[in-house]
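All remarks here apply to the structure that follows.
The values are calculated or read from the model by the stated rules, or taken from the named source; none is laboratory data. Since we're looking at a predicted model, the values are computed, not measured. Here the Cβ positions follow ideal geometry from the backbone for every residue, glycine too, while neighbour counts run over all protein chains shown.
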Amino acid sequence: MVSDIRERRHDAVRRLMRSGLLNDDAPLCGVIDLDTLRECASELQRTYRSPAPTLHAVAAKSVTLLPVLREFAELGLGCEVATAGELSLALRAGFAPEHIVFDSPAKTRSDLRRALELGVAVNADNFDELERIDALVREGASRSAVLGLRINPQTGAGEIGAMSTATRHSKFGVGLADDRERVVGAYLHRPWLNQLHVHSGSQGISLEHAAQGVRLVWELAEEINARAGERRVTHLDIGGGLPVNFADDRITPSFAEHREAIERAAPGVFSGRYALTTEFGRALTAKSGTLIGLVEYAKQTGGRRIAITHVGVQVATRTVFAPESWPLRVEVFDALGEPKSGDPAPHDIAGPACFAGDLIAQNRLLPPVEAGDAVAIPDTGGYYFSTHYSYNALPRPAVYTVGTESDGSRRWRIARRQQRVDDIVADAGLHADADAVGGLAHELAELSADVPREA
Ligand SMILES: Cc1ncc(COP(=O)(O)O)c(C=O)c1O
């Protein structure tokens, strides 16, 4: 499997470099290998079987591309969404509302109404949000069968502070140690509240650490049910957060290891007494993606070889701003897409943006990189195509998918075209007259009017 992933990636680079699709006007693109993506999804479905109903909801934030989300829907997965926009994407991709889970710490009243009217599962983030849902349930607006509360198990930080959702002061959910009794009360008073949600993520969290959060929430479910004298909590949503190996092509840790860690910590989770939801993002998507960018210039500065490429902060935001937390591999290919050889030398692989820190890799040992070559950045299928950074008006790159068809052929499709320069100019305010921005003439006049100061 490791060699398959590498071989398919190299084949994709070879074909792209010979196709002319990478050129002056489109010097960067992404490719998603659907075979790798399908293998990851089927490993999850195989290893996470439970006697109770299980919904594997891919985290939409990891890959906001409709054709890729559609692929997950066709594979039988659900979808986790965190904004109104992601909810619309999930519906357009073909996920049934009851296979969608809505998490967010900032749902507005209209977000909640829309989700409940659709019948989407919702995990409330806090007690105030539960009260908003109370009002909608009283009104009869809810068609949702699964409604939960997100618990912060407060088990501590992982290796990446900005990604740690289970710290004592995390912005997500209700702190278990802070408010356990209030949480139990919330369930005892609300017959419609039937799910507990936890997500200890993301990347940089050990399997044992994540399993500890699941154990605490499972124990809480048992306590609520014992005190209610009936099965009030029937669903556990154990989130995502399985870390990805960015060092080579091995898919490790595996979903099976993740499940084993939970079974050791909280065997009752898979007893069949709870319907389960998972919300993996990166582990389902990262390994399938590659960024491929042309090398525009190669030069030497201060004794260091520097390759100026078209892969930079616009697509690899986290790597550029936090390189220690998000290191990426770099592979070098010649103009015909053949892997380059030659004595490795230290290189900086720079992106196109106008700031010195726009570097994908620093002091990296690579075969000599020259103008006209291409660099391929593996493991970028998760979050790299959904966190575009529009500094310097750099366009969102095209993303292609390639996958094996039933007749054995490998078929290429476009998942997203490159953002057009005209779209960038329009978004920058080209049409910012009142009519084009949605009839705001009245509001703008109000804003401009004299307002008498209070005495
Ligand atoms: C609530 C929730 N679920 C799932 C995910 C997906 O996490 P990962 O991509 O690490 O699996 C996230 C990521 O931020 C999240 O916030």
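Quick rundown of the values:
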item	result
Number of positions in segment 184-227 that are within 23 Å of residue 107 (Cα to Cα), part of a helix (DSSP H, G or I) and touching a Phe, Trp or Tyr at 6+ places or on another chain (Cβ under 9 Å)	1
Test: residue in segment 346-360 that is in contact (Cβ under 8 Å) with a residue 40 or more places away in the chain, within 16 Å of the ligand (Cβ to nearest atom), outside the structural domain of residue 72 (by TED's automatic domain parsing) and not acidic (Asp, Glu)	no
Whichever residue in segment 146-168 is part of a strand (DSSP E or B) and in contact (Cβ under 8 Å) with a residue 60 or more places away in the chain and, among such residues, is surrounded by the most Cβ atoms within 10 Å (Cβ to Cβ)	151
Test result for residue 425, in a loop (DSSP other than H, G, I, E, B), over 24 Å from residue 89 (Cα atoms) and of a type in the set (Val, Ile, Thr)	no
Total residues in segment 241-279, condition hydrophobic (A, V, I, L, M, F, W, C), surrounded by 15 or more Cβ atoms within 10 Å (Cβ to Cβ) and within 21 Å of the chain's Cα centre (by Cα)	6
Restricting segment 176-206 to residues that are within 16 Å of the ligand (Cβ to nearest atom) and surrounded by fewer than 20 Cβ atoms within 10 Å (Cβ to Cβ), the residue that is farthest from residue 229 (Cα to Cα)	204
Residue satisfying condition, being in the same structural domain as residue 257 (by TED's automatic domain parsing) and either over 16 Å from residue 262 (Cα atoms) or at pLDDT below 95 (or both), within set 227, 215	227
Answer from 98, 71 - the residue that is outside the structural domain of residue 291 (by TED's automatic domain parsing), touching a helix residue (DSSP H, G or I) at 6+ places or on another chain (Cβ under 7 Å) and not hydroxyl-bearing (Ser, Thr, Tyr)	71
Number of positions in segment 40-72 that are within 13 Å of the ligand (Cβ to nearest atom) and assigned to a loop (DSSP other than H, G, I, E, B)	2
Residue check, residue 143 at pLDDT 95 or above, surrounded by 18 or more Cβ atoms within 10 Å (Cβ to Cβ) and farther than 27 Å from residue 216 by Cβ	no
So residue 224, is it more than 16 Å from the ligand (Cβ to nearest atom), surrounded by fewer than 23 Cβ atoms within 10 Å (Cβ to Cβ) and of a type in the set (Val, Ile, Thr)	yes
Any hit, segment 300-317, residues being within 14 Å of residue 370 (Cα to Cα), assigned to a loop (DSSP other than H, G, I, E, B) and in contact (Cβ under 8 Å) with a residue 60 or more places away in the chain	yes
Hits in segment 283-300 - residues which are surrounded by fewer than 23 Cβ atoms within 10 Å (Cβ to Cβ) and either touching a Cys at 6+ places or on another chain (Cβ under 6 Å) or not hydrophobic (A, V, I, L, M, F, W, C) (or both)	296, 297, 299, 300
Residue match in segment 69-83 (condition: under 24 Å from residue 385 (Cβ atoms), touching a residue at least 60 places away in the same chain (Cβ under 8 Å) and surrounded by fewer than 18 Cβ atoms within 10 Å (Cβ to Cβ))	no
Count of residues meeting criterion [more than 19 Å from residue 52 (Cα to Cα) and in a loop (DSSP other than H, G, I, E, B)] in segment 241-270	14
Hey, residue 277 more than 16 Å from the ligand (Cβ to nearest atom), closer than 24 Å to residue 202 by Cα and touching an Asp or Glu at 6+ places or on another chain (Cβ under 8 Å) or not	no
Test set (1) touching a residue at least 12 places away in the same chain (Cβ under 8 Å); (2) more than 28 Å from residue 180 (Cα to Cα); (3) assigned to a helix (DSSP H, G or I) - residue 95 fails condition number	(3)
Total residues in segment 124-145, condition away from the ligand (no atom under 16 Å from the Cβ) and in a helix (DSSP H, G or I)	11
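The rows are residues; the columns are (1) in contact (Cβ under 8 Å) with a residue 24 or more places away in the chain; (2) of a type in the set (A, V, I, L, M); (3) over 22 Å from residue 39 (Cβ atoms).
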residue	(1), (2), (3)
369	yes, yes, yes
376	yes, yes, no
386	yes, no, no
405	no, no, no
417	no, no, yes
